[in-house]
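Engineer: Here you go, one structure.
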Amino acid sequence: YRQQLDNLGFSFDWRREVRTSNPDYYRWTQWIFLRLFHHYYDQAAGKALPIEALETRLAAEGNAGVKAACDEHTPRITAADWAAMDEQARARFLLHYRLTFPEESFVNWCPALGTVLSNDEVKDGLSERGGHPVERKLMKQWSMRITAYADRLLEGLNTIDWPESLKDQQRNWIGRSQGASVRFPLADHSETEIEVFTTRVDTIYGVTFMCLAPEHELVSQLTTDTQRAAVEEYVRWAASRSDVERMAEVKRVTGVFTGSYCINPVSGEQVPVYLADYVLAGYGTGAVMAVPSGDQRDWNFARHFSLPVVPILDAQQGLEEAADPTKEGRYINSDLINGLGYAEAVPRLINWLESNGKGRGKVQYRMRNAVFSRQRYWGEPVPVYWKEGIPYPLSDSELPLLLPEVDKYLPTATGEPPLGRAEGWKYEDQYEYELSTMPGWAGSSWYWYRYMDPHNEGAFASPEALAYWKDVDLYVGGSEHAVGHLLYSRFWNHFLYDLGLAPEREFAKKLINQGMIQGIIEYLMLQKDKVDGHSRFVSADIAKEEQEQYGREFARMPIHVDFVAEYGTPNSHLTEQGIQQFIDWRPDFATAIFESKEGIYRDGSFLPAGDAASMQLQTVSEVGKMSKRYFNVVNPDDVVAKYGADCFRMYEMFLGPIEDAKPWNTKGIDGVSRFLRKFRALFYTEAGSWAVTDEQPSREELRVLHATIKKVSEDIERFSFNTCISAFMVATNELGRLGCRKRAVLRELVVVMAPFAPFLSEELWHALGETDSVHRTSFPTFDPAYLQADTITYPIALNGKTRLTVDFPATATPAELEAAVRGMESLAKYLEGKSVKKVIVVPGRMINVVVG
RNA sequence: GCCGAAGUGGCGGAAUUGGUAGACGCGCUGGACUCAAAAUCCAGUGAUAGCAAUAUCGUGCGGGUUCGAUUCCCGCCUUCGGUACCA
């Protein structure tokens, strides 16, 4: 049947084929990359435009016009400046605008592994693989200017049928805040201005100091000689702290005074400028105007450094204890806006700032541009070569750029990515290719278009195919991709749409999150500091004690579940054999110490602490993702071998709603297996001979059939597959009870079952004498006539409590039902002298008698 | 902390628009078949009391709206997912 399904076009390996390192697929991913390189995003036009259009504008008017429309951080140039630039300078300048561009940025660098790790590959400051330290390192990376599309990505969410929680995740990730940008000139050097972003410009009269991120570009200029030593020490200290440490000490207040003052452009007051590590270099301008009366972090800082707290609203209270971030009341101590409320104050201030050239209304995003390169071997090579420090794109005809042969998939001795190992891999034999490769999300950001036209030589898909298929009707994927894959894909799609290459703005109309089938993850506790140069693993109970008693820190390291005894139970542990298996698997830890209550295992032998004969190194079990990364993948082949693919498939559906995550267990799979055999037994006798007859089905048998068709058709529409399976079970049980073996019923039922149990259905379909595939037949429709019963069983409730059920003719009107119920003797005993006040009849549903 | 989702028998879960709470399955108990077991079939299975009919309680907790609430409203608790000093 696999062959037959293949013939129908369902290739089981289709997706895998397309997405792995296949030259065809590399080619079109690289082709799209080049389109991104050749375009810039014009905010005024609200779409991507060819970079040539930008060059024309630069030549005509400099970037004054496009600066605001594109990237406001670009240095300002005039048409004359542009004309004076040589080709290289222009190329370098255009990198400020291209939708993909190289940029210095901080990455998680693991020196021991010689590679950059993504955030999810770093756990507790150590690499998941091998448990090595990871540091922040500034590296030149290719980036995608996804921020250019922030507003469109936000607005597009309103047009698609995706889960609200997922949309919210994307909204929060994009993090649009509306506020104002204000420039504070330095007190003794008014040419230099500190620009801040604030969402509470109304609190500007409450500013009592300024705070800059330690990485802020003005730091050295602002620092006075008397403060220089202290500032430099603070900057060094802040830079040395890893993200992990910063996160652990979130509530600690640290900072240093620069010695400089700046001037509040609205009030004209002088305020001191501090550095503080609660200000993030990567958000806004890396500087904040501190309003301790309205912001808790500013308040904490003010208290720590004994800075003044000025109330600005008459409703503010308790400022000695905490900040008051509410917007209630009328402004006080606020010259321009005294007596106003929040709603009037904000526009008045922004107006003032703009007309006095001190600032403007501004929208700020939390989202940053996406780092696009990886220092790995596998992945599409970035189709770019470098000449005198400037990247040049390959031409379309030079695609695909394939991965070169290398001796090892490891970084070079000088720390270059693995592609640096390739000998003579140069453009025109002289220019070095970009050595990083694209991340996994590059290819996954557009692949559905290739499915529309997989063999097209001239384009990733033809206009005809795109016009026919348009977009993805239903995308099924995990919610863990909410702010990764699903956002990047939307970004690429909006870009392709701008170029007329994608038919719709959004790539998927509807999306549902299938819940993850989870596994049990087993962790080993690894002490973060080495002991005499040896890694030390301890039993979970020991780790807990040492953590509590000495504050010793441990990292959790996922290990292969095959090594674990009593896997998945609270008592899971490694025996000596398990430890040895672990060492064989991870030779880095050959000299490690393993310690449990029973003793120590090292260098291949067990040293008991007392008279213990063996050790149990407790592991920590956790329900979580089933993933290669956690070495806890259950191979479905084993289940398929035992129960068959249909049973496996149906059991997965039967486990519960498709969106819910659930740990994998095979507890109930026998029930589904039993059902499939019962279903098959409707067609065959116990002895195995064919039992289907051509008799006319009874009304009851047809009712069962049509009720099932109705139920399953409706439940498929709402992705309620677990209840579909339940409906099949009910139908099978009822037909079994009725002894129904009639073709007219069973033939239809097989078709309804086909999407759920494709193999068994196909087998039975052919056994019924059909020659074509069941998967080509049309789905049956139900006939309501068979579902109408002559009588309806009404539950009769007294004051909402069901007391008895009575059959009434289906044709009875509500008035007749009420009269019948009022006259019922069986009700009398519940009345206990009370009288019937009212009778509520819900036709076809129930009858409630109100007694009082 | 903030954002989102969810809490129903021993377990997975059902109840689609406010209308018989616990469909279906697992497990468990008893029975049939068997020398015996497996498989299969039949019956029972929310809790408490009762031989039973039945009664009372029962959808995380406390209130409310309603003839009637797992479903709607208000206030909490817990769990999971996301995010994290975002100015």
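Engineer: A:Val196: assigned to a strand (DSSP E or B), within 8 Å of RNA strand B (Cβ to nearest atom) and either in contact with a Phe, Trp or Tyr (Cβ under 6 Å, 6 or more places away or on another chain) or within 21 Å of A:Asn333 (Cβ to Cβ) (or both), yes or no?
Structural biologist: Criteria met by A:Val196.
Engineer: Next up: Working carefully through the options A:Glu818, A:Glu770, A:Glu825, find the one that is among the charged types (D, E, K, R), free of Cβ contacts under 8 Å to residues at least 40 places away in the same chain and under 21 Å from A:Ile709 (Cα atoms).
Structural biologist: A:Glu770
Engineer: Just to be sure I understand, how many residues within segment A:599-617 are touching a strand residue (DSSP E or B) at 6+ places or on another chain (Cβ under 6 Å) and of a type in the set (D, E, K, R)?
Structural biologist: Count: 1.
Engineer: Given the structure, is A:Phe491 touching a Phe, Trp or Tyr at 6+ places or on another chain (Cβ under 7 Å), more than 24 Å from A:Ala148 (Cα to Cα) and of a type in the set (Phe, Trp, Tyr)?
Structural biologist: No; evaluated as a whole, the condition is false for this residue.
Engineer: While we're looking at this one, here's another question. Quick one: A:Phe460 ticks every box in (1) in contact (Cβ under 8 Å) with a residue 24 or more places away in the chain; (2) part of a helix (DSSP H, G or I); (3) buried (at least 16 other Cβ atoms within 10 Å of the Cβ) bar one, so which box is it?
Structural biologist: In the conditions (1) in contact (Cβ under 8 Å) with a residue 24 or more places away in the chain; (2) part of a helix (DSSP H, G or I); (3) buried (at least 16 other Cβ atoms within 10 Å of the Cβ), A:Phe460 misses (2) alone.
Engineer: When you check A:Glu701 against the structure, is it touching a residue at least 24 places away in the same chain (Cβ under 8 Å) and either farther than 30 Å from A:Arg737 by Cβ or outside any loop (DSSP other than H, G, I, E, B) (or both), yes or no?
Structural biologist: Judged against the criteria, A:Glu701 is a match.
Engineer: Considering only segment A:364-411, state which residues are among the small types (Gly, Ala, Ser), closer than 17 Å to A:Leu95 by Cα and surrounded by fewer than 19 Cβ atoms within 10 Å (Cβ to Cβ).
Structural biologist: Hit for segment A:364-411 is A:Gly389, nothing else.
Engineer: Could you say which residue among A:Thr223, A:Thr203, A:Thr208 is hydroxyl-bearing (Ser, Thr, Tyr), at pLDDT 90 or above, near RNA strand B (Cβ under 10 Å from one of its atoms) and more than 34 Å from the chain's Cα centre (by Cα)?
Structural biologist: Just one listed residue meets the conditions, A:Thr203.
Engineer: Hey, does segment A:470-479 have a residue that's within 13 Å of the chain's Cα centre (by Cα), more than 20 Å from A:Tyr41 (Cβ to Cβ) and assigned to a helix (DSSP H, G or I)?
Structural biologist: Within segment A:470-479 (the criterion being within 13 Å of the chain's Cα centre (by Cα), more than 20 Å from A:Tyr41 (Cβ to Cβ) and assigned to a helix (DSSP H, G or I)), the answer is yes, since at least one residue qualifies.
Engineer: Right, another one. Can you tell me which residue is surrounded by the fewest Cβ atoms within 10 Å (Cβ to Cβ) among those in segment A:776-828 that are hydroxyl-bearing (Ser, Thr, Tyr) and closer than 30 Å to A:Pro758 by Cα?
Structural biologist: Step by step, filter segment A:776-828, then rank; the result is A:Ser778.
Engineer: Another question, then. Would you be able to tell me the number of residues in segment A:732-775 that are assigned to a helix (DSSP H, G or I), surrounded by 19 or more Cβ atoms within 10 Å (Cβ to Cβ) and among the aromatic types (Phe, Trp, Tyr)?
Structural biologist: So the answer is 1.
Engineer: So which of A:Ala323, A:Ala230, A:Ala238, A:Ala281 ends up being of a type in the set (A, V, I, L, M), surrounded by 14 or more Cβ atoms within 10 Å (Cβ to Cβ) and in contact (Cβ under 8 Å) with a residue 60 or more places away in the chain?
Structural biologist: The conditions single out A:Ala281.
Engineer: Just to verify a result, which residue in segment A:838-849, among those that are farther than 12 Å from A:Arg822 by Cβ and near RNA strand B (Cβ under 9 Å from one of its atoms), is surrounded by the most Cβ atoms within 10 Å (Cβ to Cβ)?
Structural biologist: Going through the qualifying residues, I end up with A:Asn848.
Engineer: Could you list, in sequence order, all residues of segment A:428-437 that are touching a strand residue (DSSP E or B) at 6+ places or on another chain (Cβ under 7 Å) and either under 20 Å from A:Phe372 (Cβ atoms) or buried (at least 18 other Cβ atoms within 10 Å of the Cβ) (or both)?
Structural biologist: A:Glu432, A:Tyr433, A:Glu434, A:Ser436, A:Thr437
Engineer: So, A:Phe631, is that one aromatic (Phe, Trp, Tyr) and more than 32 Å from the chain's Cα centre (by Cα) or not?
Structural biologist: Considered against the rule, which asks whether it is aromatic (Phe, Trp, Tyr) and more than 32 Å from the chain's Cα centre (by Cα), A:Phe631 comes out as no.
Engineer: Could you identify the single residue in A:Ala797, A:Ala789, A:Ala754, A:Ala727 that is touching a strand residue (DSSP E or B) at 6+ places or on another chain (Cβ under 9 Å) and over 16 Å from A:Ala681 (Cβ atoms)?
Structural biologist: Testing whether each residue is touching a strand residue (DSSP E or B) at 6+ places or on another chain (Cβ under 9 Å) and over 16 Å from A:Ala681 (Cβ atoms) leaves just A:Ala797.
Engineer: Tell me which residues, restricted to segment A:684-735, are of a type in the set (Phe, Trp, Tyr), within 14 Å of RNA strand B (Cβ to nearest atom) and within 19 Å of A:Glu763 (Cα to Cα).
Structural biologist: Listed by number, the residues that qualify are A:Tyr684, A:Phe728.
Engineer: If I ask for residues that are in a strand (DSSP E or B) and either near RNA strand B (Cβ under 8 Å from one of its atoms) or modelled with pLDDT of 95 or more (or both), which ones from segment A:168-181 would you list?
Structural biologist: A:Ser177, A:Gly179
Engineer: Okay, moving on. For segment A:286-393, please list each of the strands (runs of 3 or more DSSP E) lying entirely inside it that holds at least 2 residues being within 16 Å of RNA strand B (Cβ to nearest atom) and either at pLDDT below 90 or closer than 30 Å to A:Met438 by Cβ (or both).
Structural biologist: Hits in segment A:286-393: A:359-364.
The values are calculated or read from the model by the stated rules, or taken from the named source; none is laboratory data. If you're wondering where the values come from, they're calculated on a predicted model, not measured in any experiment. Using ideal geometry, Cβ is built from the backbone for each residue, glycine included, and neighbour counts are taken over all protein chains shown.
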